[in-house]
Each structure stands twice: as structure tokens, then as C-alpha cells.
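The values are calculated or read from the model by the stated rules, or taken from the named source; none is laboratory data. It should be emphasised that the depicted structure is a prediction, and the values quoted were computed from it without experimental measurement. Neighbour counts run over all protein chains shown; Cβ positions are idealised from the backbone, glycine included. The area values use the complete protein model at the heavy-atom level, side chains included, leaving out ligands, DNA and RNA. Shrake-Rupley method; radii C 1.70, N 1.55, O 1.52, S 1.80 Å.
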Amino acid sequence: MSTAALPLPAMPRTAARPTPANAAPPFHIEMLRIGSQLLRVGRQHGNGEGPPLLLFNGIGANIELLEPLARAMSGREILTFDVPGVGHSPLPSLPYRLTGIARLATGVLDHYGHARCDVLGISWGGGAAQQFARTHADRCRRLVLCATAPGVAMVPAHPRVLMKMATPQRYVSKSYAQRVAGDIYGGDFRGNPALGAEMHKHVRWQSRLGYYLQLAAMSGWTSIHWLHRLRMPTLIMAGVDDPLIPLINPRLMRRLIPNAELKVFDCGHLFLLTRVAESAATIDEFLNRP
């Protein structure tokens, strides 16, 4: 798979967000050509020790939403990318499946000269992380699954929650994001709706089609029949008040994955943002074990 670094395209004025003087963006952003797809890739260089951490983001989520976690893990090399049609990665020429996202991730690793990595997936990205660990097991040293489930073979969220997830409106409208954040994300978002508006500041919105392509990529997908074949050490992280991913799903995954452990946070779906220091410490401790 060929890769090439390309100049960054001009960003829309509405997408710009001033960076505080004392908090430079942790990711160096560049555009890479991975096969036929142009990808917006973020890299935190870290201290050069150990394998990089490859992050698969949630549905509709762009690189900037991961900045708090990256800052809390500043010593670690981190790689992530906007999936096609999300953030500032252009729409793909054809619909894709999670196997295609995993294949793009191997191209990113190849570009930076990494044979192996640790993998972390968040929500929708947890499905992509599971698929990467399955189809590219030789390149995955350790696996971290956050607020995620084994696809369609899961105990589903309440229909009212699923209806709100069926539309990307929370990424388009700040007021809508603030209004529904508690219902979707639970945890701290229930008592502090302003967190929804704060998160919206980091959104780099592109198109509804990109969002629906992500939904389609997950349609019919499940890992339930092969989770028992994952052999790498696996950390599963979950929120006790997660409207999207009922806690029974992470507990089931812990039982199915042979070398897995479960960490439950007193929070909701986005504990990586609302419990960032504790989350980063938990991930670092797991990845740094002998």
C-alpha cells in the first residue's frame, strides 16, 4: 500500500479554533495518501520509547476531540486519523467496511515505519480496533477497548437513545448538542449540559454522508463469534452510566476475550474526556506492564 505526505488543504474559516498560548495542539497534522484515499493524520511524537498507540475515534469524531487524552499521555507516541468523510479526510470514492478502516491504519503505521503498535478504540472506533486486532493480529501488541461493544450482537441502548444517534445533528448544532448530551452520553453530562457545548468547540464537521457511511460500515458487523480468538492482552474500559453501551456488553466481552480485564468508571460514555487523568493513568499502567 503506497503512502505519501501531501500539503495540508486550506481549512474553512469556521473550522479554525484558536489554541491557548500555554496549550499547543499535541498532534502534528499532515495529509497522507494511503493507497487511493487521502487521510488527515495526527501524530504526537512522544519520547520515542515503546510502540506507538494507534487510536480509532468514535463515530463522527475528528482528531481534535482526542487532544485532552493525548496531552495526558504526552510521553507516548500516538497516531490517529480522521476516517474518510469525517473531519478533514475527504469522502471515499466507495462505501467501506471496518476491514477497510483497519487496512488504512496499517498504511499509516507503514508510513511512520512501525511494524507493531498498541491499539485503542473508542465507541464506534472500538469496533475498528477489534477488527484491526483480528485481521492484523501480528501488528497489535496490546488492545484497549473503551465504551464499546461486539457490534450488532449486543444488548442495545434504549430506542430513544438510538434515535438520537441515528442523526449527526449533535455535531452540526451546538444548542442541540447541549440539549441531548445527557441523554446520549450519561455520566457527568447529565448534570452539566454545558459539557456538550464545550465538546462541540472541538468538532470539525464535514458532511452527513460521512456520518452515514460510518453507520453503514458497522451495519451487520459483529465480533461476537471470534472474540475468543484474540490472544493479545486486552483492557476493556466502561462507564457505569453509559446510555449507549449498557454495562452488560463490556462484561460479556471480558468473558469472551481470553486475556482481558475490565475497568469500570463512575461516569458515562465519554469517561476518556470527563475522567481524563484517571483514564490516561489506567491506560499507561496497562501498556507499560512487562
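Mind running the shape call on region 121-163? Use the C-alpha gyration tensor, a ≥ b ≥ c as the square roots of the eigenvalues: rounded below 1.5 for a/c, prolate if a/b tops b/c, oblate otherwise.
prolate
Starting from the 7 Å offset along Cα-to-Cβ, what nm value, one decimal, do you get for the label separation of V155 and S93?
4.5
So if we plug the beta-carbon distance of E49 and H28 into 1/(1 + (r/R0)^6) with R0 = 25 Å, what FRET efficiency do we get, rounded to 0.05?
That pair, E49 with H28, gives E of 0.90.
How would M218, M73, M163 rank on accessible area, largest to smallest, probe 1.4 Å?
M163, M218, M73
Can you classify the chain as rounded, prolate or oblate using the Cα gyration tensor, where a ≥ b ≥ c are the square roots of its eigenvalues, rounded means a/c under 1.5, and otherwise it's prolate if a/b beats b/c and oblate if not?
Since a/c stays below 1.5, the shape of the chain is classed as rounded.
At 1.4 Å probe size, with every protein chain present, just tell me what the per residue accessible area of region 77-169 comes to in Å².
On the way: 3130 Å² over 93 residues.
Per-residue value: 34 Å².
Through the Karplus equation 6.51 cos²θ - 1.76 cosθ + 1.60, θ set to phi - 60°, convert the phi angles of region 180-185 into ³J(HN,Hα) values in whole Hz; use x for Gly and Pro.
9, 4, x, 5, 7, 9
Going by a ≥ b ≥ c, the root eigenvalues of the Cα gyration tensor, does region 212-289 fall in the rounded group (a/c under 1.5), the prolate group (a/b larger than b/c) or the oblate group?
Numbers: a/c = 1.74, a/b = 1.16, b/c = 1.51.
Oblate.
I'd like the accessible area for R254, computed on protein heavy atoms only with a 1.4 Å probe and all protein chains in place. Round to 10 Å², please.
Near enough 100 Å² of accessible area.
Let me check against my output: what whole-number percent is the relative contact order of the chain, with C-alpha pairs under 8 Å and at least 6 apart?
18
Relative to the present Cα-Cα distance, how much length would full extension add between S74 and K174 at 0.36 nm per residue of separation?
Gain in length upon complete extension: 33.1 nm.
Using modelled backbone amide H atoms (1.01 Å from N, in-plane), which distant-in-sequence or interchain residues come within less than 5 Å of V144's amide H?
Residues meeting the criterion, in which the H sits 1.01 Å from N, are V119, L120, G121, L235.
For M232 and Y212, what does the FRET efficiency come to when R0 = 45 Å and r is the distance between their Cβ atoms, rounded to the nearest 0.05?
On the way: r = 32 Å, r/R0 = 0.71.
The calculated FRET efficiency here is 0.90.
Distance between the C-alpha centers of region 167-222 and region 109-127? Whole Å please.
Spelled out, the Cα-based centre of one part sits 23 Å from the other.
Starting from the Cα of R255, step 7 Å along the direction of its Cβ; do the same at E285; then give the gap between the two resulting points in nm.
Between R255 and E285, the simple spin-label model gives 2.6 nm.
Tell me, what % of the accessible area of the chain is carbon and sulfur with a 1.4 angstrom probe? Mind dumping the intermediate values first?
On the way: 6840 of 12260 Å².
Carbon plus sulfur share of accessible area: 56 percent.
Using the Karplus curve 6.51 cos²θ - 1.76 cosθ + 1.60 with θ = phi - 60°, what ³J(HN,Hα) values do you get for each residue of region 216-232, in whole Hz, with x for Gly and Pro?
5, 4, 8, 4, x, 7, 8, 10, 4, 8, 10, 4, 5, 8, 6, 10, 6
Amide H to amide H under 5 Å from I59: which residues, 5+ apart in sequence or cross-chain, H placed 1.01 Å off N in plane?
Sorted by chain and number, the residues that satisfy this are W124, G125.
Using the Karplus curve 6.51 cos²θ - 1.76 cosθ + 1.60 with θ = phi - 60°, what ³J(HN,Hα) values do you get for each residue of region 128-135, in whole Hz, with x for Gly and Pro?
4, 5, 4, 5, 4, 5, 7, 8
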